[in-house]
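The structure is given below, and queries will be raised subsequently.
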Amino acid sequence: MDKKKKILTIIVFVLFFIVFVLAYLLFQKYVIKNNFERDILPFANKNDKTVFQVNKIVFFSNCDAKNKTGSTSNFTIENLYQYTDMAIFINNASTEEKTLENTFQKVNINNIQYTVSPELGEPKLYFKGLNQFAKSELKPENEIKDNLDFTITSENEANLDTPTLYNNLANPITLSYVNQNIKSDYTITDTSTPITYDGSLLKKCNINLASIACHLSFDIYITNNLNEEFKTTIFIDIPLETTEKSIYDGTINLTQNTNFAFYRYK
């Protein structure tokens, strides 16, 4: 009889343990579900539609040298640099009508990362005035060191040589990637063909395009006029070649259709 009681006690204990484990697992599942709903569902509700997106980037890639001296037999350059200007078009993804929701109050760029850095040169990112787009210039004061805050305006006329955006998304963000000092104090002895200050300089200076390839990224933050905050990360492969030509041929003009959607995080 004592043996039967022991067996019964063990069975009851095992059953109790199984029920306890099942109850604990169900409770854990409930907690995980609750945490998921608490953390994810509000985010999903905020992003049930796309308000802002970058749907187009226009690139202009070229090359130049800062100082040049020449003679009948040779040509010496200082600070051979490659630059790519980019115009980043942010549009309203949902409607053409301008509202408090889809217009700018604040715009900021930060978190610049070089995921693939060039083997040669010193890469930096600059603000580029709209009127200087596709022109060779080096303005140290326009370098984006940590972040870039844009002035937002609704005036009919604005100074687009400074970081300024119309609040109705009328003008693109214009930036310039510049890779300086690819070559310095370099003498070109083959002067049988004319020297032109464009991408053909890279070829004359024996620069392999793979050695100046660069991939970079940066974040764009937007606050709209409802004080809602949005973010996207832009990924850029500096265009040095297309299916039709390379920068060795002079310049590259490229329009790239993109789909960088901003998500609302606050």
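The values are calculated or read from the model by the stated rules, or taken from the named source; none is laboratory data. Small disclaimer: the values here were computed from a predicted structure and weren't measured. In this analysis, Cβ positions are derived from the backbone assuming ideal geometry, glycine residues included, and neighbour counts consider all displayed protein chains. Areas reflect the complete protein model, heavy atoms only, side chains present, ligands, DNA and RNA absent. Shrake-Rupley method; radii C 1.70, N 1.55, O 1.52, S 1.80 Å.
Just reorder Asp198, Asp190 by solvent-accessible area, largest first, 1.4 Å probe, all chains present. Please report the intermediate quantities before stating the final value.
On the way: Asp198 35, Asp190 80 Å².
Largest to smallest exposure gives the sequence Asp190, Asp198.
Here's another thing I want to ask about it. For region 157-166, just list the computed ³J(HN,Hα) in residue order, Karplus coefficients 6.51, -1.76 and 1.60, θ = phi - 60°, integers in Hz, with x standing in for Gly and Pro.
In residue order, the calculated couplings are 10, 9, 7, 7, 7, 10, x, 9, 10, 6 Hz.
Out of region 194-266, which GluC sites (Glu not before Pro) are coil in DSSP terms and have no more than 14 other C-beta atoms within 10 Å? Mind dumping the intermediate values first?
Numbers: sites: Glu228, Glu229, Glu241, Glu244; in loops: Glu228, Glu244.
Taking region 194-266 and a limit of 14 other Cβ atoms within 10 Å, the loop GluC sites (Glu not before Pro) found are Glu244.
Give the residue list of trypsin sites (Lys or Arg not before Pro) in region 137-213 that are DSSP loop and have at most 12 other beta-carbon atoms within 10 angstrom. Display every interim value, and only then the final one.
Working: sites: Lys145, Lys183, Lys203, Lys204; in loops: Lys145.
Hits after loop and neighbour filter: Lys145.
Apply the Karplus parameterisation 6.51 cos²θ - 1.76 cosθ + 1.60, with θ equal to phi minus 60°, to every residue of region 58-63 and state each ³J(HN,Hα) to the nearest whole Hz, in sequence, with x for glycine and proline.
With the stated coefficients, region 58-63 comes to 9, 10, 9, 10, 8, 8 Hz.
Quick one: accessible surface of Cys63, probe radius 1.4 Å, all protein chains present, in square angstrom to the nearest 10.
0
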